[in-house]
Amino acid sequence: MIRRIALACTLAACAAPAAAQATTPLPRLLVFITVDQMRPDYLTRWPGQLTGGLARLYNGGAVFTNAHQDHAVTETAPGHASTMSGRFPRSTGIVSNEYGVEDRNTRLVGMDTVGASPSRFRGSVVMDWLRAKDPRSRALSVSRKDRGAILPLGRARQTVLWYAPNGTFTTSTWYADTLPAWVRRFNARRLPQAQAGRVWTPLLPAAAYPEPDSVPAEAGGVNNTFPHPIPADPERAAAQLSQYPVMDQLTLGLAMEGLRAMNLGRGPATDILAVSLSTTDAVGHRYGPDSREIHDQVIRLDRALGAFLDSLYAVRDPATVIVALTADHGVTPYPEVADPANAAAKHVSDQPVREWLRTAAGRYGVDTAAVRFEDGMLRLDPGAFARAGRDPRSFARGFVGVVRAIPGVLRADQFPDIAGADTATDPIARRWSHMIPRDLPYYAVVALRPGYMWGRSSFAQHGSPHDLDSHVPVLFYGAPFRPGKYAGFARTADIAPTLARVLGVRPTEPLDGHVLTEAIR
């Protein structure tokens with residue numbers, strides 16, 4: 001018999017015990033923080049230097065040190081979709097950034113620009129469970145990225161805001177036709193444009209940074225040393241601000257403004273404030289996880305989060321607030337930094353794959369648009385193959401045979417074969433089995449060796465099923481939680497059922513995650 005890891009959280013198991021609900025006051029506000037591309041070692045790598053919000057949550061919270069995004073395509077959209085749903089991508093339907101939130105049927109409010117929505121998202125999230133118990137629960141979700149703002153709230157039509165290149169926070173017509181007055185007032189201050197001409201320099205003295213400030217691999221060798229000036233033109237500054245630490249400060253400022261304007265945490269039911277902070281991802285991609293820039297970004301994030309928590313607890317009773325923090329994925333270091341002697345071999349060319357796909361599509365009599373290989377997944381159009389009288393499974397078998405022979409490829413599998421693997425002992429197969437809904441036309445999956453990446457990208461990458469990309473922080477902070485460090489294996493899919501238990505709500509569907517009972521008082 002195939003052994004499998006127990007996954008499901010039944011509705012009864014996720015609900016809070018009646019006795020606990022009777023004796024423990026329920027939180028009035030859940031603050032859910034996602035730090036895009038946050039590696040857990042950032043919390044401990046620089047002893048004594050974190051003194052703000054990250055330090056407060058890490059030292060006083062229930063911290064799971066072996067937590068993972070337990071799916072294969074470790075990207076922003078799938079990661080954000082799993083955290084507040086308690087379900088893997090195979091259940092949420094969000095399998096990649098490409099098939100994430102872009103929605104050509106919507107527009108950004110006040111702009112003739114393609115918008116975004118949760119139209120591909122399947123199922124429910126914590127917000128839905130709260131409103132099923134009490135429709136008066138409300139939520140605000142903010143991020144620099146549209147997918148970072150949208151997916152933690154699933155399909156809930158709450159206040160969801162993200163940053164546009166014109167320097168304003170906005171939403172799409174899926175949510176509203178106009179922006180709330182408080183958002184318009186915030187945008188009218190033109191805070192992004194006010195950053196024009198400023199310079200990002202290290203916050204601490206140079207001796208506090210062990211990382212060299214000149215590494216050729218970083219940023220493709222272009223503008224890869226401090227200082228990093230923000231463009232002097234206000235509109236260019238606003239468009240490029242996502243690359244600078246101040247973007248997180250603006251996002252947190254918007255979140256606090258919204259908390260006050262919406263009076264979150266003071267209503268008769270539990271409210272949610274979801275904040276996704278994206279600058280660590282931008283800096284990590286550009287300079288890598290071992291750079292002086294990422295070191296300084298994390299220090300600045302710690303300080304900004306500390307100021308945010310101080311402001312929060314000044315206007316809300318800490319006894320009524322709980323905080324959860326995680327990340328959507330980690331990141332793999334530049335091969336040139338992690339393993340310079342073998343760096344060239346760790347850049348795997350996808351040209352042989354592209355050429356084979358193009359040639360094979362012609363042999364099978366299908367258009368190349370019917371054949372897509374992205375994010376390690378082969379997606380085929382079964383209708384096109386049916387019209388050509390050909391079997392897409394045969395195409396996938398040929399693809400797997402070709403890809404397995406490419407140096408740097410760890411494994412390639414026809415997707416149906418993954419279902420028969422021993423997912424208790426094969427983590428790669430387990431993460432692929434958690435990845436793809438059975439009704440989507442994916443026929444094969446590919447994983448490179450750890451530390452390898454496709455192509456000659458000048459940016460640090462993530463997206464693999466390996467631990468460097470899957471390992472993320474998971475922590476809970478507040479009165480209901482038992483502080484400490486927990487070394488047992490945990491997943492981001494366990495966050496939502498754990499929050500459901502503490503919030504006294506019942507998930508409206510079976511979950512893939514389970515309650516992390518050891519963290520609850």
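Whether any residue in the range 153-164 is assigned to a helix (DSSP H, G or I), surrounded by 15 or more Cβ atoms within 10 Å (Cβ to Cβ), under 20 Å from the mean Cα position of the chain (by Cα) and in the same structural domain as Arg107 (by TED's automatic domain parsing) is what I want to check. Break it down into steps so the answer makes sense when it comes.
Restricting attention to the range 153-164, the residues satisfying the condition of being assigned to a helix (DSSP H, G or I) are 153.
Retained after the next criterion (residues that are surrounded by 15 or more Cβ atoms within 10 Å (Cβ to Cβ)): 153.
With under 20 Å from the mean Cα position of the chain (by Cα) added as a condition, the list becomes 153.
Pick out the ones that are also in the same structural domain as Arg107 (by TED's automatic domain parsing) and you get 153.
Yes, there is a match, as at least one residue in the range 153-164 is assigned to a helix (DSSP H, G or I), surrounded by 15 or more Cβ atoms within 10 Å (Cβ to Cβ), under 20 Å from the mean Cα position of the chain (by Cα) and in the same structural domain as Arg107 (by TED's automatic domain parsing).
For the range 343-456, which helices (runs of 4 or more DSSP H) that fit wholly inside it have 2 or more residues that are of a type in the set (Gly, Ala, Ser), at pLDDT 95 or above and over 26 Å from the mean Cα position of the chain (by Cα)?
Numbers: elements: 351-364, 382-387, 392-404, 415-418, 427-433.
Counting at least 2 such residues, we get 351-364, 382-387, 392-404.
Quick one: in the range 230-261, which of the residues that are in contact with a Pro (Cβ under 7 Å, 6 or more places away or on another chain) and buried (at least 21 other Cβ atoms within 10 Å of the Cβ) is nearest to Val315 (Cα to Cα)?
Leu250
How many residues does the range 262-276 hold that are touching a strand residue (DSSP E or B) at 6+ places or on another chain (Cβ under 9 Å), surrounded by fewer than 18 Cβ atoms within 10 Å (Cβ to Cβ) and touching a residue at least 60 places away in the same chain (Cβ under 8 Å)? Outline the logic, then answer.
Here is the first cut: in the range 262-276, the ones touching a strand residue (DSSP E or B) at 6+ places or on another chain (Cβ under 9 Å) are 262-266, 270-276.
Checking the rest, the ones that are also surrounded by fewer than 18 Cβ atoms within 10 Å (Cβ to Cβ) come to 263, 266.
Among the residues that remain, those that are also touching a residue at least 60 places away in the same chain (Cβ under 8 Å) are: 266.
Of the residues in the range 262-276, 1 are touching a strand residue (DSSP E or B) at 6+ places or on another chain (Cβ under 9 Å), surrounded by fewer than 18 Cβ atoms within 10 Å (Cβ to Cβ) and touching a residue at least 60 places away in the same chain (Cβ under 8 Å).
Has the range 470-488 got at least one residue that is surrounded by 18 or more Cβ atoms within 10 Å (Cβ to Cβ) and free of Cβ contacts under 8 Å to residues at least 60 places away in the same chain?
To start, the set of residues in the range 470-488 that are surrounded by 18 or more Cβ atoms within 10 Å (Cβ to Cβ) comprises 470-478, 480-481, 486.
Retained after the next criterion (residues that are free of Cβ contacts under 8 Å to residues at least 60 places away in the same chain): none.
Looking through the range 470-488, none of the residues is surrounded by 18 or more Cβ atoms within 10 Å (Cβ to Cβ) and free of Cβ contacts under 8 Å to residues at least 60 places away in the same chain.
Scanning for something in contact with an Asp or Glu (Cβ under 6 Å, 6 or more places away or on another chain), small (Gly, Ala, Ser), farther than 30 Å from Ile33 by Cα and not assigned by TED's automatic domain parsing to the domain that holds Gly100, does the range 367-374 turn up at least one residue?
yes
Scan the range 112-122 for residues that are touching an Asp or Glu at 6+ places or on another chain (Cβ under 6 Å) and either at pLDDT below 95 or part of a loop (DSSP other than H, G, I, E, B) (or both) and jot them down.
Across the range 112-122, the qualifying residues are Ser117, Ser119.
With the requirement that a residue be polar (S, T, N, Q) and within 16 Å of Ala496 (Cα to Cα), what does the range 112-140 give you?
First pass over the range 112-140, keeping only residues polar (S, T, N, Q): 113, 117, 119, 124, 137.
The answer is Ser124, and nothing else.
Restricting the search to the range 469-484, which residues are of a type in the set (A, V, I, L, M, F, W, C) and assigned to a strand (DSSP E or B)?
Kept after step one, since they are of a type in the set (A, V, I, L, M, F, W, C), are these residues of the range 469-484: 472, 474-476, 479, 481.
Those that are of a type in the set (A, V, I, L, M, F, W, C) and assigned to a strand (DSSP E or B): Val472, Val474, Leu475, Phe476, Phe481.
Is the range 461-468 home to any residue that is under 19 Å from Gly513 (Cβ atoms) and assigned to a loop (DSSP other than H, G, I, E, B)? Even if it seems obvious, please write down each step before you answer.
Quick first cut of the range 461-468, residues under 19 Å from Gly513 (Cβ atoms) only: 465, 467.
From what is left, the residues that are assigned to a loop (DSSP other than H, G, I, E, B) are 465.
Yes: one or more hits.
Given the residues Thr51, Thr83, Thr113, Thr74, which is the only one that is farther than 21 Å from Phe481 by Cβ, in contact with a helix residue (DSSP H, G or I) (Cβ under 6 Å, 6 or more places away or on another chain) and assigned by TED's automatic domain parsing to the domain that holds Leu511?
Values: Thr51 fails: in contact with a helix residue (DSSP H, G or I) (Cβ under 6 Å, 6 or more places away or on another chain); Thr83 fails: farther than 21 Å from Phe481 by Cβ; Thr113 fails: in contact with a helix residue (DSSP H, G or I) (Cβ under 6 Å, 6 or more places away or on another chain).
Answer to the selection: Thr74.
Can you tell which of Gly288, Gly258 is in contact with a helix residue (DSSP H, G or I) (Cβ under 8 Å, 6 or more places away or on another chain), more than 30 Å from Leu448 (Cβ to Cβ) and either among the β-branched types (Val, Ile, Thr) or at pLDDT 95 or above (or both)?
After applying the criteria, what remains is Gly258.
Cβ-Cβ distance below 7 Å, separation of 6 or more or different chains: which pairs start in the range 493-521 with a residue that is over 23 Å from Ala72 (Cβ atoms) and buried (at least 22 other Cβ atoms within 10 Å of the Cβ) and end on one that is among the hydroxyl-bearing types (Ser, Thr, Tyr) and at pLDDT below 95?
Within 7 Å, no pair qualifies.
Out of the residues in the range 422-432 meeting the condition of being surrounded by fewer than 22 Cβ atoms within 10 Å (Cβ to Cβ) and touching a residue at least 60 places away in the same chain (Cβ under 8 Å), tell me which one is nearest to Asp328 (Cα to Cα).
Just the residues of the range 422-432 that are surrounded by fewer than 22 Cβ atoms within 10 Å (Cβ to Cβ), to begin with: 422-428.
Filter again for touching a residue at least 60 places away in the same chain (Cβ under 8 Å), leaving 422-425, 428.
Values: Asp422: 26, Thr423: 22, Ala424: 23, Thr425: 24, Ile428: 18 Å.
Looking at residues that are surrounded by fewer than 22 Cβ atoms within 10 Å (Cβ to Cβ) and touching a residue at least 60 places away in the same chain (Cβ under 8 Å), I get Ile428.
Taking the range 97-135 as the search range and keeping residues that are among the acidic types (Asp, Glu) and farther than 25 Å from Leu29 by Cβ, which one is surrounded by the fewest Cβ atoms within 10 Å (Cβ to Cβ)?
Quick first cut of the range 97-135, residues among the acidic types (Asp, Glu) only: 98, 102-103, 112, 128, 134.
Adding the requirement that they be farther than 25 Å from Leu29 by Cβ leaves 98, 102-103, 112.
On the way: Glu98: 14, Glu102: 17, Asp103: 19, Asp112: 6.
Taking the candidates together, the pick is Asp112.
Exactly one of (1) free of Cβ contacts under 8 Å to residues at least 60 places away in the same chain; (2) surrounded by 15 or more Cβ atoms within 10 Å (Cβ to Cβ); (3) acidic (Asp, Glu); (4) over 18 Å from Ala72 (Cβ atoms) is unmet by Asp413. Its number?
With respect to (1) free of Cβ contacts under 8 Å to residues at least 60 places away in the same chain; (2) surrounded by 15 or more Cβ atoms within 10 Å (Cβ to Cβ); (3) acidic (Asp, Glu); (4) over 18 Å from Ala72 (Cβ atoms), Asp413 is out only on (4).
Output the number of residues of the range 300-329 satisfying the condition of being in a helix (DSSP H, G or I) and within 19 Å of Gly258 (Cβ to Cβ). Give the steps one after another, and end with the answer.
Initially, the range 300-329 is screened for residues in a helix (DSSP H, G or I), giving 300-315, 318-320.
Going one step further and asking which of them are within 19 Å of Gly258 (Cβ to Cβ), we end up with 304-305, 307-315, 320.
The total comes to 12.
The values are calculated or read from the model by the stated rules, or taken from the named source; none is laboratory data. Not measured: the values here are computed from a predicted model. Cβ: placed from backbone, ideal geometry, glycine included. Neighbour counts: every protein chain shown.
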